[in-house]
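Notes for the one structure printed next.
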Amino acid sequence: METQEIQQIECNHCNGLISINNKYCNICGKEQKKDQTLIDSRKWPGLKQIGLFFAIELTCCVAALSIDNFDISTAILFDIIMAGTAVLFFSYNWRENAHLLKWPNFSLKKTIICIIISITASIIVQFLVEHLNHSLFNTDYSYYTIYKPHKYGKYIMIISVALFPALFEELAYRGYLMQKLLTIVDKKEAIYITSILFFFMHLSMTSFFWMLPFSIVLAQIRIRENTLWYGIIIHFTFNLTVCMMEISTFDTLI
């Protein structure tokens, strides 16, 4: 008959090895902080899972940038891959993440304020980004050029640039990643780590001045409200405003 291997951890006081289920150390006799021992026992598996998530996200972003003829089909392909990654990691940790899809303290007033602020911020950022592109690179960049050739390009752009990121980036970064980090680090560290990784994954240094603060705000709202929905609405409204401005500008020029 096989004997079950007993998982051991270090005592909080004398660092002796004891069973993970022990309430008291059998070496020094002192009581263990059960919550802390459980957190410590999950740190390494959590870090490995975060590393895998980060590797997949980074690989997809680098691969997308390395493609010379990036067209609408390629954009849709990467959207599906990134969405699938977000759903996979979020659902794999469903028990600890499911509560983030609830909206226990819904406030219409807060929702309207979030929409107004995100529209205003998006307009300001769009003008600043255009100015930076002109000043630093002497070029105009528009997402719409990728989607314009398609018959339904406007609608596909809104889904690809506004809807998908709002749903699946929030699910991935403020959902899965932040919840996993909260089992390893404190709230402040989780906010900054997720925000830095979110910015880094977009691989755009010209976006540093707005994307990092934007992600920090989304992370703080997620922590305070304990739901993803305000972040999803802000993210969607922000990106939708960008889409509408680019479509309007491009169609006017034509």
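The values are calculated or read from the model by the stated rules, or taken from the named source; none is laboratory data. Source: prediction; values computed, not measured. Neighbour counts run over all protein chains shown; Cβ positions are idealised from the backbone, glycine included. Note: accessible area is taken over every heavy atom of the protein model, side chains too, but ligands, DNA and RNA are not part of it. Shrake-Rupley method; radii C 1.70, N 1.55, O 1.52, S 1.80 Å.
Data table
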quantity	calculated
Candidates Lys187, Lys180, filtered to the one that is of a type in the set (Lys, Arg) and more than 13 Å from the chain's Cα centre (by Cα)	Lys187
Check on Thr227, open to solvent by less than 40 Å² (accessible area, probe 1.4 Å) and assigned to a loop (DSSP other than H, G, I, E, B)	yes
Any hit, the stretch 178-186, residues being within 26 Å of Leu100 (Cβ to Cβ), hydrophobic (A, V, I, L, M, F, W, C) and free of Cβ contacts under 8 Å to residues at least 12 places away in the same chain	yes
Selection from the stretch 54-101 of residues that are assigned to a helix (DSSP H, G or I), of a type in the set (S, T, N, Q) and open to solvent by less than 70 Å² (accessible area, probe 1.4 Å)	Thr74, Thr85, Ser91, Asn97
Phe168 being free of Cβ contacts under 8 Å to residues at least 40 places away in the same chain and under 22 Å from Gln49 (Cβ atoms)	no
Single match in Leu181, Leu177, Leu171, Leu203 (criterion: out of contact with any Ser or Thr (no Cβ under 6 Å at 6 or more places or on another chain), open to solvent by less than 30 Å² (accessible area, probe 1.4 Å) and either under 26 Å from Thr74 (Cβ atoms) or not assigned by TED's automatic domain parsing to the domain that holds Val129 (or both))	Leu171
Identity of the residue in the stretch 102-120, under 30 Å from Ile146 (Cα atoms) and hydroxyl-bearing (Ser, Thr, Tyr), that ends up most open to solvent (accessible area, probe 1.4 Å)	Thr120
Failed item in (1) closer than 17 Å to Ile232 by Cα; (2) open to solvent by 70 Å² or more (accessible area, probe 1.4 Å), with Lys154 passing the rest	(1)
Among (1) crowded, with 17+ Cβ neighbours inside 10 Å; (2) at pLDDT below 95, the one test that Asp251 misses	(1)
Test: residue in the stretch 85-95 that is in the same structural domain as Ile232 (by TED's automatic domain parsing), under 27 Å from Phe209 (Cα atoms), under 24 Å from the mean Cα position of the chain (by Cα) and at pLDDT 90 or above	yes
When residues of the stretch 206-224 are limited to those that are of a type in the set (Ser, Thr, Tyr) and closer than 24 Å to Gly175 by Cα, the one least open to solvent (accessible area, probe 1.4 Å)	Ser215
The stretch 150-164: number of residues that are closer than 14 Å to Ile247 by Cα, among the aromatic types (Phe, Trp, Tyr) and in contact (Cβ under 8 Å) with a residue 24 or more places away in the chain	0
Tyr141 vs. criteria open to solvent by 90 Å² or more (accessible area, probe 1.4 Å), modelled with pLDDT under 90, among the hydroxyl-bearing types (Ser, Thr, Tyr) and assigned by TED's automatic domain parsing to the domain that holds Met245	yes
